[in-house]
Every structure is written in structure tokens, then in C-alpha cells.
1. Kindly provide the set of residues from segment 299-333 that are β-branched (Val, Ile, Thr) and part of a helix (DSSP H, G or I), ordered by number.
2. Can you tell me which residues in segment 129-156 are more than 19 Å from the chain's Cα centre (by Cα) and closer than 24 Å to Ala315 by Cα?
3. Would you please name the residue that is nearest to Asp280 (Cα to Cα), looking only at residues in segment 164-198 that are among the aromatic types (Phe, Trp, Tyr) and surrounded by 15 or more Cβ atoms within 10 Å (Cβ to Cβ)?
4. Have a look at Arg54, Arg71, Arg88, Arg98 and point out the one that is in contact with a His (Cβ under 8 Å, 6 or more places away or on another chain) and modelled with pLDDT of 80 or more.
5. Among (1) exposed (fewer than 12 other Cβ atoms within 10 Å of the Cβ); (2) touching a Leu at 6+ places or on another chain (Cβ under 9 Å), where does Pro275 come up short?
6. Can you confirm whether segment 146-160 contains a residue that is modelled with pLDDT under 90 and in contact with a helix residue (DSSP H, G or I) (Cβ under 8 Å, 6 or more places away or on another chain)?
7. Please determine, by comparing only the residues of segment 77-131 that are in contact (Cβ under 8 Å) with a residue 40 or more places away in the chain and in a loop (DSSP other than H, G, I, E, B), which one is surrounded by the fewest Cβ atoms within 10 Å (Cβ to Cβ).
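The values are calculated or read from the model by the stated rules, or taken from the named source; none is laboratory data. Values in this document were obtained by computation on a predicted structure and should not be read as measured data. Cβ coordinates were reconstructed from backbone atoms using ideal geometry, including for glycine residues, and neighbour counts include every protein chain displayed.
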Amino acid sequence: MKLRILVACLVVTGLCWSGCKKKEMAPEEKKSEEQAAAAPTEERKAPSAVVVARVGDSPITKEEIDKESARIRGNLELTIEQQDSVRRRALEQLIERRLVLEAAREEKMLVSEEQIKAHVDSVKASKGGEEAFAAWLARTGVTADEYKEEARYEILLDRLVDKYYPVATTEEDLRAYHAKRAASPAKGEKARVHRIVIKVPEGSPEQDWASAEAKVASILKEIEAGLPFADAAKKYSQDGYAKRGGNMGIGGANRRPEEIFGPALAMKDGEMKGPTRVSDGVQLILVTERYSDKVGSFEEEEEKLRGAFEKRTRALHSRKLLRELAERFHVAQ
């Protein structure tokens, strides 16, 4: 929490600094800058760089935050509030990387090129191969060289966690985790739902409802005659999912609205249902996927549970370690 508060303060300070005109420096300030310019390049940033924060002796510049923010934002158009949120996230990530690098330097932990390659190859395999990995990098706005540095950070973070907070998993832990997952309403039957809706405002007369039902019935006939459901949704539907061809995604018993996903869970793959009156109008729904991710017995799930539990525990330990590193190393403007 302290780290997040500090990050927010630093972002505001950095934004203010970036918008202010630089004042004339006093003679002693000029002398200090000249001394800084004489320092080895690996120990300083370019003289023109605006330093927003420091982790120990390692500076984080406005240019770095801009670059990381652009990577996170991608091609999205954001509001001012959303842009500020992205900058806070970017600065937080940069601080976390610096904290791990500082701690690893103290511990004299090194990562070889072979270890980085093995890590990257493992991620490539998990993404489905070289082409899928390259596509994933393109979507996230990261170059291959930049991801190698990210791999170095992930390897070092794992080593630090293993040293300070090793994960020790007992059968009792796994059984408790299994019971929690088995009881989760997020587990069980699932369906991907596509929807077309003709809106009827609350309090509308019966004739408006009847008109909407007739419209949906007419749309259904077009679909049955060969018009793809997605095209019909884009053409006729009156909710926010229309531009996605009516695709509302996958949901189970805990997905809302219940009047949409509830009936879908009783339908077969490829089945349509409607016209049906619901709270916001008259709908037609289509189910294109049906499956179950219900949790099996402990014996059936043990190995899968172990991997999931250890991954979750490691993530919690990582957050704890980063909080402690933020206390150990001076993080400031």
C-alpha cells in the first residue's frame, strides 16, 4: 500500500514537472550538473532526462514512464483519468523492476544468456510456438530484445522469492485449496452466449413489447434463411455487444445478467432461443460453446492443483517481497 501511495505521488510530481518551464539555475546548481555530466555514462541518465523517481541510486525518467505507458496503452483511446492510471501502473512496474535488480545486485545474482534463452523458449512453447509467440509480443508492444530483459527480471524475481520465501506445499494445503475451488460458483457448466436484443424502455405499453417481439421473430427468420447470427447482431441489435456480433463471452452460473446466462446453461451447443421478454427488451440468444470445468476429485486434480497452488502462492510471496524491498531500498523523487 505504501508503495502504491508513493507511486501516485511521484506520478503527480512527474506530470507537474513535465509541464513546468525550467527556471534559471543558480551557479552552484550549474556546477553540480557539470559534475554529473562528468560521471560515467552507466551511472547516469542523459543530462536532458527528467528524473521522476529513484530506487537507491537508480533513476527512473519521464521518458521511461512515457515508453512503458505507451506499451500498456497500446492503440486504446483513453480519458485523462485513464491515462493517469496507466502512468501510475507504468511507474509502479518500473519501480518493481529496479527493486529486483538492486536486490539481485546485492546478492550477486547473475543470469546467463543460456538461462534467458531457456526461459524464453519455455514461454514460446506455452504460447504455441514461434509464430504465436511473435504475435503475442506484437499485441503487447514488446520487442524480442525487450522481452529478454523482462525474462531476466522474472528469473531474478523467482530466485529472490526462492531464497526469502520458498514455497512449501503440504497435502493439507492442497486439500484445502481443492475444497475452495470445488465450492466456487465460477466452476461448473459454461456457455458462450451471443445475443440480439430490441430494446423496450421500462414502462412501455404492451403494443411496444409486441412490436419488439415481431421484430425479433423477423430477425430469427432471416438467420434461419442463412444470415449469420453475428451479421444480424451487427445490423439489428441495440446493445453494446452488437459491434462484436452479439458475442457476450463465456459465462457460468455466477455470470450476470441471469436472465441471459441462466437460460443459456440449459441450451445445447448451436441452439437458439427467442423471442424472449427480458428486463431491457426482447432478446434472441445463441449458444456456440458448451463445456464444463467442474473440479474433479482430489486424486484426479492433485497434480494440477499443486501447480496452480504453487503459482498462486509464489505470486503472493512476490508481492510480499516487493513490499519489503521497497522498505529496504530508498524510493524517492
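1. In the first step, residues of segment 299-333 are kept if they are β-branched (Val, Ile, Thr); the result is 313, 331.
Correct list: Thr313 only.
2. Within segment 129-156, Lys148, Glu149, Arg152, Ile155, Leu156 qualify.
3. Looking only at segment 164-198, we keep the residues that are among the aromatic types (Phe, Trp, Tyr), and these are 164-165, 177.
Cutting the leftovers down to surrounded by 15 or more Cβ atoms within 10 Å (Cβ to Cβ) gives us 165, 177.
Working: Tyr165: 51, Tyr177: 39 Å.
Result: Tyr177.
4. Working: Arg71 fails: in contact with a His (Cβ under 8 Å, 6 or more places away or on another chain); Arg88 fails: in contact with a His (Cβ under 8 Å, 6 or more places away or on another chain); Arg98 fails: in contact with a His (Cβ under 8 Å, 6 or more places away or on another chain).
The conditions single out Arg54.
5. Answer for Pro275: the failing condition is (1).
6. Within segment 146-160 (the criterion being modelled with pLDDT under 90 and in contact with a helix residue (DSSP H, G or I) (Cβ under 8 Å, 6 or more places away or on another chain)), the answer is no, since none of the residues qualifies.
7. The qualifying residue surrounded by the fewest Cβ atoms within 10 Å (Cβ to Cβ) is Glu107.
For (1) among the charged types (D, E, K, R); (2) in contact with a helix residue (DSSP H, G or I) (Cβ under 8 Å, 6 or more places away or on another chain), each residue gets a yes or a no:
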position: Leu286; (1), (2): no, yes
position: Glu303; (1), (2): yes, no
position: Gly307; (1), (2): no, no
position: Glu310; (1), (2): yes, no
position: Arg314; (1), (2): yes, yes
position: Leu322; (1), (2): no, yes
position: Leu325; (1), (2): no, yes
